[in-house]
Amino acid sequence: MLQDGYLDNALELARSEGYDPNGGLRGGKYSLFNGGTHVPFIVYWKGHIRPSVSDAYICQVDLFASLGKLIGGSVPSGLDSQEHLSVLLGRKLHGGRRAQVLEAKSKLALRWKNYEMIPPYSGKECNSTGNEIGNLREYALFDMDADPGEKHNLASEKPRLLRKMQRMYTRMVGPYYKSGLEDEPLQ
């Protein structure tokens, strides 16, 4: 994160060196876009995990259920953690979570399979640091496999998929979606 409100010229220096801290992803810290929600993850356990690259989708909260299974325990029912131990151990390179509600600065989006749906939000498109945060005037739908930089909104091209994800989102978040949320200033 280079643009967190500090006046240290970090962003300008990185750009002058040709460095892209987001790796081509849209958004960044405090953003609903992939640059704010995508966290690369490395698992190492000598003698137990073969080196490999996986496109499985898991969340940090899934570590509770997965590591619980590893040690013979479990997590209480009703928690968001899902068990994906075979993914963490490299036995399965695909799969993981099918759906997840994403959150950034009290705003929510839905990731389902390889798609992300961002509902409309009012407010500025960028925060005070110039970071695009996901306030869009209409629904956005992105194919995260084909377009990880979220450049091409598929909402008008895939209306049935959009409606399906809207219904799923409404079931998952209930009354927590409020399109009129205004951004809080950075501290």
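Where does the chain land at 222 nm, in deg cm²/dmol rounded to the nearest 500, when only DSSP H runs of n ≥ 4 count, each adding -39500 (n - 2.57), divided by all residues?
On the way: 5 runs with 39 residues, N = 187.
Estimated from H runs of four or more residues: -5500 deg cm²/dmol.
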(request) Ratio to report: Rg/Rh of the stretch 2-103, with Cα atoms as the point set and Rh obtained by the Kirkwood method; give two decimals. (result) 1.07
(message) Over 5 Å intervals from 0, what percent of Cα-Cα pairs in the chain sits in each interval?
(response) 1, 7, 14, 17, 17, 16, 13, 9, 5, 1, 0
(request) Among Gly23, Gly96, Gly78, determine the one that fluctuates most according to a GNM of the chain built with springs between C-alpha atoms less than 10 Å apart. (result) Gly78
(request) Output ³J(HN,Hα) for the stretch 135-142: one whole-Hz value per residue in order, computed from phi by the Karplus curve 6.51 cos²θ - 1.76 cosθ + 1.60 with θ = phi - 60°, and x for Gly and Pro. (result) 7, 10, 7, 9, 4, 10, 9, 10
(request) Name the most mobile residue of His48, His94, His84, meaning the one with the largest mean-square fluctuation, in a Gaussian network model of the chain with Cα contacts below 10 Å. (result) His48
(request) Give the relative contact order (percent, whole number) for the stretch 46-187; include only Cα pairs under 8 Å separated by 6+ residues. (result) 19 percent
(request) Give me the distance between the Cα centres of the stretch 138-181 and the stretch 9-83, rounded to whole Å. (result) 21 Å
(message) Taking θ = phi - 60°, what integer Hz values does the Karplus form 6.51 cos²θ - 1.76 cosθ + 1.60 yield along the stretch 91-104, in sequence order, with x for Gly and Pro?
(response) 7, 9, 9, 10, x, x, 5, 9, 9, 7, 7, 9, 9, 8
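So what is the diffusion coefficient of the stretch 108-170 in µm² per second by Stokes-Einstein at 25 °C and 0.890 mPa s, using a Kirkwood Rh over Cα pairs?
Numbers: Rh = 12.1 Å.
In µm²/s, the coefficient is 202.
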(request) With springs connecting C-alpha atoms under 10 Å apart, model the chain as a Gaussian network and identify which of Lys113, Lys29, Lys151 has the largest mean-square fluctuation. (result) Lys151
(request) Amide H neighbours of Ala140 under 5 Å, at least 5 residues apart or on other chains, H built in the peptide plane: list them. (result) Ile118
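Which links in Lys92/Lys178; Lys105/Lys164; Lys105/Lys158; Lys107/Lys151; Lys124/Lys158; Lys46/Lys105 stretch past 31 Å when you go from one Cα to the other?
Details: Lys92/Lys178 37 Å; Lys105/Lys164 25 Å; Lys105/Lys158 28 Å; Lys107/Lys151 20 Å; Lys124/Lys158 27 Å; Lys46/Lys105 38 Å.
Result: Lys92/Lys178; Lys46/Lys105 exceed 31 Å.
Throughout, read-outs are computed from the coordinates displayed, never taken from laboratory work. Only a predicted model underlies this, so the values are computations on that prediction, with no experimental measurement involved.
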